[in-house]
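Below is one structure, written out as structure tokens, with a few remarks after it.
Throughout, read-outs are computed from the coordinates displayed, never taken from laboratory work. Everything numeric in this text was worked out from a predicted model, so none of it was measured. Backbone-built Cβ (ideal geometry, glycine too); neighbour counts: all protein chains shown.
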Amino acid sequence: MARTGLKDAGKIRHLLARNVEQVIDRAHLEKTLKSGKKLRIKLGIDPTGEKIHIGRAIVLWKLREFQELGHQVVLIIGDFTAQIGDPSDKLSKRPMLSREQVEKNMRDYLSQIGKILDLHKTETRYNSKWLDKLNFRETAELAESFSVQQMLHRRNFQERWKEGQDISLREFLYPIIQGYDSVAIKADVELGGTDQLFNLMAGREVQKQCGQKPQDVMTVGMLSGTDGRKMSTSWGNVINIVDPADEQFGKIMSMHDKMIQDYFHMATRMPEKEIAEQDRALARGANPRDVKLVLAKEIVALYHGKPAAEKAAEKWVKMFSKKDVSGADIPTLKLKNKKIAAVDLVLKSGAATSKGEAWRLIAQGGLKAGEKTISNPRQELNLKGGEVVRVGKKRFFRIN
């Protein structure tokens, strides 16, 4: 078995460090990677929505690193598990999805994932192929891997238990069923976000129950949405990897300045030395807008190529300098209720993180709806949709 050379050793160090939160068993995985042994690297994705956002792409880029080192990437599309519903980080019971809804959601999944992974070198599996065949006895035997006490030790289940929120037995079964995926494809390593740690560890237990060696586990960091909250399609604070280049660019330029560094590290493939240069520039007092322009070009280039990124940058700079956004492709701000107080509109936009901050921004003339400046934070706005709102000096949104 060929051992790794100096070049691969550097790639392995990067693989185990950048955006990585936890590795179990790190010593074992590092030793195996250095030995040159080719591993089966598993990632499961449940198609609970139709689009993949750049927060979920972090783990896909980590998977790409394994692929570039010659390991066998096994991508599991959770067409069965998506119907069950992953309770990870959910503070209320997640509804089951129909098979038809899951099939609709995953229709374009591979074309999106193909922007990151080399699909020709990827083993793609659908977990309904083996989970549909499990009978009740086999499911009961898998359930022997866990106790109720272990399940209730899970943080979000603890919180729901204390608050008297329902916890479905179906939700208890989810990590066990997902864990069986690792048995079905004989995974050596499984990747996931930090919210997936319980499920990934369940895979180790189920493998041991089925007589396999337990997989190593790697979790990666999670990216906040453009408004500072958890990135979530339901909140509309996402940047999807299939969003048009101009829209991606505009969303990045409209997000809060304090998120720049996290986005450089987690949403780009820019070398660490170059990121450090951008960090130093900010520390020396560089205009965050200029640094954000670099960030936006890096992200857009990942999914649309450098020419499209440069074109989007030129268009944005022209739009910003002229302050003419009437026909521009700017980020949308989704509002369920178009009748909203000015202070709440600013909070929804993510331009302020507290009511006090939003209040001061409005009082200083930092909110415009169309050509009208809103100076009263309590003023109730009756928006119809389609209006362009400017929050602060450089954040533009189209109301939807």
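For semi-axes √(5λ) of the Cα gyration tensor in Å, pick the label among (i) 42, 23, 20; (ii) 40, 27, 18; (iii) 49, 44, 19 that corresponds to the value derived from the coordinates.
(ii)
By how many nm would the segment from residue 159 to residue 137 lengthen if fully extended, with 0.36 nm per residue of separation less the alpha-carbon distance?
4.8 nm
Among the aspartates and glutamates, select those whose C-alpha is under 20 Å from the C-alpha of residue 251, and discard any that sit fewer than 8 residues away in the same chain.
Straight-distance partners of residue 251: 50, 227, 243, 262, 290, 298, 310, 314, 324, 329, 344, 387.
Angle check, please: helix 197-209 long axis (alpha carbons) against the longest principal axis of the chain (alpha carbons), in degrees 0 to 90, nearest 10.
10
Compute the length gained on full extension between residue 354 and residue 31: take 0.36 nm times their separation in residues and subtract their Cα-Cα distance, giving the result in nm to one decimal.
Value of the extension gain: 111.5 nm.
Give me the dipole magnitude in Debye, nearest 20, for the chain about the Cα centre, with unit charges on the beta carbon: positive for Lys and Arg, negative for Asp and Glu.
Approximately 920 debye in magnitude.
Loop-only check: which trypsin sites (Lys or Arg not before Pro) in region 210-297 are DSSP coil with at most 13 other Cβ within 10 angstrom?
229, 269, 284
Hey, what do the phi angles of region 179-184 turn into as Karplus ³J(HN,Hα) couplings, whole Hz, using 6.51/-1.76/1.60 and θ = phi - 60°, x for Gly and Pro?
Values per residue, Gly and Pro as x: x, 5, 4, 5, 5, 4 Hz.
Just add up the charged neighbours of residue 377: K/R +1, D/E -1, any other residue whose Cβ is under 10 Å from the Cβ of residue 377.
Local net charge: +2.
Would you mind calculating the gained length between residue 289 and residue 376 on full extension (0.36 nm times residue separation, minus the Cα-Cα distance), in nm to one decimal?
28.6 nm
Among bridges DSSP assigns within the chain, what percent are antiparallel (round to 5)?
Here the antiparallel bridges make up roughly 45 percent for the chain.
With an 8 Å cut-off on Cα pairs and a minimum separation of 6 or more residues, tell me the relative contact order of region 332-399 in percent.
After rounding, I find 37 percent.
Which whole-number percent of Cα pairs in region 248-365 have a distance greater than 22 Å?
More than 22 Å apart: 44 percent of the Cα pairs in region 248-365.
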